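**Student:** So that we are looking at the same thing, I have put the structure below in structure tokens.
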Amino acid sequence: MHPGPGTWGSAATTLLWAALAYTLPPSARMPTAVALTVAITLIGIPAATQVARASGRKDPQFVVIDEVAGQLIALIAAPLAWKTFLAGFILFRVFDIVKPPPVRQLEKLPEGTGIVLDDVTAGGYAFVVMQLLLHFHLLK
């Protein structure tokens, strides 16, 4: 197992989304990101529950589907540019690590629900900050 599997999962997600997004027409990027996020979240909750039960761990660090969902949320509607990909990656990781309210409280929900929804919410925070940075032209 690599150190920081959540960071590796977020980095891989950012790179894979960049590769996919560049192949899509601009009008399909946001709906595709939203659809993928919803699908990954809906699949991730029961999958994370099964892995948590099988491993006997409340939040197995090797489960990174939660980072995939949260990282995708951070990148929804972000322009395709290395600066926005990097900013989205950093913003999500910061919110995932710091866990501002209610992220930490959601982490306490049972099994896969808590494993996934805290990262989904961290991704939501990253999305809002990303959109504010873009809106005020602080990130181009």
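The values are calculated or read from the model by the stated rules, or taken from the named source; none is laboratory data. Everything numeric here is computed off the predicted structure, so don't read it as measured data. Neighbour counts run over all protein chains shown; Cβ positions are idealised from the backbone, glycine included.
**Student:** If a residue must be within 13 Å of Val129 (Cα to Cα) and surrounded by fewer than 24 Cβ atoms within 10 Å (Cβ to Cβ), how many such residues does the stretch 63-80 contain?
**Tutor:** So the count comes out to 2.
**Student:** Next question. Check Ile90, Ile115 and return the single one that is out of contact with any Asp or Glu (no Cβ under 7 Å at 6 or more places or on another chain) and either modelled with pLDDT of 95 or more or not hydrophobic (A, V, I, L, M, F, W, C) (or both). I'd like the intermediate steps shown before the answer.
**Tutor:** On the way: Ile115 fails: out of contact with any Asp or Glu (no Cβ under 7 Å at 6 or more places or on another chain).
That would be Ile90, the only listed residue that is out of contact with any Asp or Glu (no Cβ under 7 Å at 6 or more places or on another chain) and either modelled with pLDDT of 95 or more or not hydrophobic (A, V, I, L, M, F, W, C) (or both).
**Student:** What are the residue pairs meeting all of these: first residue in the stretch 111-140, first residue touching a residue at least 12 places away in the same chain (Cβ under 8 Å) and closer than 19 Å to Thr84 by Cα, second residue in a helix (DSSP H, G or I) and basic (Lys, Arg), Cβ atoms under 8 Å, and 6 or more apart or on different chains?
**Tutor:** Short answer, once both residue conditions are applied: Leu139/Lys83; Lys140/Lys83.
**Student:** Can you find, within the stretch 16-55, the residue that is nearest to the chain's Cα centre (by Cα) among those that are touching a residue at least 24 places away in the same chain (Cβ under 8 Å) and loosely packed, with under 14 Cβ neighbours inside 10 Å?
**Tutor:** Top of the filtered list is Pro46.
**Student:** Does Lys83 fit the bill of being surrounded by 13 or more Cβ atoms within 10 Å (Cβ to Cβ), at pLDDT 95 or above and among the charged types (D, E, K, R)? Steps first, answer last, please.
**Tutor:** Working: surrounded by 13 or more Cβ atoms within 10 Å (Cβ to Cβ): no; at pLDDT 95 or above: yes; among the charged types (D, E, K, R): yes.
So Lys83 fails the test.
**Student:** Related question: Could you list, in sequence order, all residues of the stretch 1-15 that are in a helix (DSSP H, G or I) and surrounded by fewer than 18 Cβ atoms within 10 Å (Cβ to Cβ)? Show your work before the answer.
**Tutor:** Filtering the stretch 1-15 for residues in a helix (DSSP H, G or I) gives 5-15.
Within the stretch 1-15, Pro5, Thr7, Trp8, Ala11, Ala12, Leu15 qualify.
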